[in-house]
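*Asks:* Starting off with a structure, shown below.
The values are calculated or read from the model by the stated rules, or taken from the named source; none is laboratory data. Not measured: the values here are computed from a predicted model. Ideal geometry is used to build each Cβ from the backbone, glycine not excepted, and the neighbour counts take in all protein chains shown. Just so you know, the surface numbers come from the protein's heavy atoms only, side chains and all, with ligands and any DNA or RNA stripped out. Shrake-Rupley method; radii C 1.70, N 1.55, O 1.52, S 1.80 Å.
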Amino acid sequence: MTAKASILIVEDDALNVAALRDHFDNLKEYEICSVTDNGEDAVRMAEERRPGLVLMDIVLKGRMDGIEAAAEIYSRFNIPVVYLTGDSIDMNKLSRVKMSEPFGYIRKPVQARELQIVMEMALYKQKMDRERKEMVAELLNALDSIKGLKALIPMCVSCDKFAAINKQTK
């Protein structure tokens, strides 16, 4: 059996939190690890609990809005963030949202099916990104190994042929 994905909810409206909890009661493959209503606590909780995903309201209580908190959480801990918002987004806010590299966006009121689909896509994208980074690192290590081996093989610098072959033909 696979482990449940842990979710950090960052939402400052109690009714929205209650609705999300109701949705999670029916989504058995996920569990809520924490809930907070401000960006500062969200960053601290992300560091402490390392959830698989953060659902982040854009407009929050406190000095740090959801966009700033999301950017810090993703850049420091590589935890995907999906935005929740009931507000319309102007071009300035859209620019800030894009810079935070979100994994999705859900308009409130949240619908259970949309929540499930967006979370599945975000978690899948995170998994693929992690595997791609690991593969690139392995390929770079292999390339370094190959470069190291090339120095051990006697080669003709001007023609890239083995020096031993050139000596035999002369």
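*Asks:* Counting Lys +1, Arg +1, Asp -1, Glu -1, what net charge surrounds I7 among other residues with beta carbon under 11 Å of its beta carbon? If you can, show how the numbers build up before the last one.
*Replies:* On the way: positive: K4, R21, R49; negative: E29, E31.
So the surrounding residues net to +1.
*Asks:* Once neighbouring chains are kept in place and the probe is 1.4 Å, which whole percent of the accessible area of the chain is contributed by carbon and sulfur? Don't skip to the answer; put the middle values down first.
*Replies:* Values: 6040 of 10720 Å².
On the chain, the fraction of accessible area on carbon and sulfur atoms equals 56 percent.
*Asks:* Compute the angle between helix 112-150 and the longest alpha-carbon principal axis of the chain, please, reported from 0 to 90 degrees and rounded to the nearest 10.
*Replies:* Approximately 20 degrees, to the nearest 10.
*Asks:* Report the relative contact order of the range 37-114, percent, no decimals, based on alpha-carbon pairs under 8 angstrom and at least 6 residues apart.
*Replies:* Numbers: 109 pairs, mean separation 23.4, N = 78.
30 percent.
*Asks:* For the range 37-107, taking Cα atoms only, what is the radius of gyration to one decimal and the Dmax to the nearest whole Å?
*Replies:* Considering the range 37-107 through its Cα atoms, Rg and Dmax are 11.0, 33 Å.
*Asks:* Just the accessible area per residue of the chain, please: how many Å² with a 1.4 Å probe? List each step's numbers first, then the result.
*Replies:* Details: 10720 Å² over 170 residues.
For the chain, the solvent-accessible area averages 63 Å² per residue.
*Asks:* L139 to S95: extension gain in nm, 0.36 nm per residue of separation minus the Cα-Cα distance?
*Replies:* Details: separation 44, 0.36 × 44 = 15.84 nm, distance 3.42 nm.
Working it through step by step, the gained length comes to 12.4 nm.
*Asks:* Between [x] 11.2; [y] 13.1; [z] 15.9, which matches mean projected area of the Cα convex hull in nm² calculated for the structure shown?
*Replies:* [z]
*Asks:* Could you sort the peptides 88-97, 134-143 by per-residue average Cβ neighbour count (10 Å cutoff), highest mean leading?
*Replies:* Numbers: 88-97: 11.9, 134-143: 10.0.
Highest mean packing first, the order is 88-97, 134-143.
*Asks:* Here is a follow-up. Please tell me the relative contact order of the chain in percent, rounded to the nearest whole number, where contacts are Cα pairs under 8 Å and at least six residues apart. Don't jump to the answer; show the numbers that get you there.
*Replies:* Values: 223 pairs, mean separation 28.1, N = 170.
Once divided by the residue count of the chain, the mean separation gives 17 percent.
*Asks:* Compute, for the range 56-113, the length of the dipole vector about the Cα centre, with Cβ point charges of +1 (Lys, Arg) and -1 (Asp, Glu) only. Units Debye, rounded to 20. Don't jump to the answer; show the numbers that get you there.
*Replies:* Details: 9 positive and 7 negative charges, 27 e Å.
Charge dipole of the range 56-113: 140 debye, to the nearest 20.
*Asks:* Enumerate by residue number the trypsin sites (Lys or Arg not before Pro) in the range 1-44 meeting two conditions: DSSP loop (anything except H, G, I, E, B), and at most 11 other Cβ atoms within 10 Å of the site's Cβ.
*Replies:* Details: sites: K4, R21, K28, R44; in loops: K4, K28.
Here the trypsin sites (Lys or Arg not before Pro) that fit, given the DSSP loop and packing criteria, are K28.
*Asks:* Please work out the C-alpha center-to-center distance from the range 18-50 to the range 93-143 and express it in whole Å.
*Replies:* After rounding, the separation between the Cα centres reads 17 Å.
*Asks:* Same structure again: Report the one residue of L8, C33, M99 whose Cα lies farthest in the direction of the positive end of the charge dipole of the chain (charges on C-beta: Lys and Arg +1, Asp and Glu -1; origin at the Cα centre).
*Replies:* Toward the positive end, the furthest listed residue is M99.
*Asks:* Here is a further query. Under a cut-off of 14 Å between alpha-carbon atoms, report the aspartates and glutamates in cross-link reach of K108, not counting same-chain residues fewer than 8 places apart.
*Replies:* Correct list for K108: E11, D12, D13, D57, D87.
*Asks:* Where nothing but the Cβ of Lys and Arg (+1) and of Asp and Glu (-1) is charged, how large is the charge dipole of the chain around its Cα centre, in debye to the nearest 20? If you can, show how the numbers build up before the last one.
*Replies:* Numbers: 25 positive and 27 negative charges, 264 e Å.
Using only the charged Cβ atoms, the result is roughly 1260 debye.
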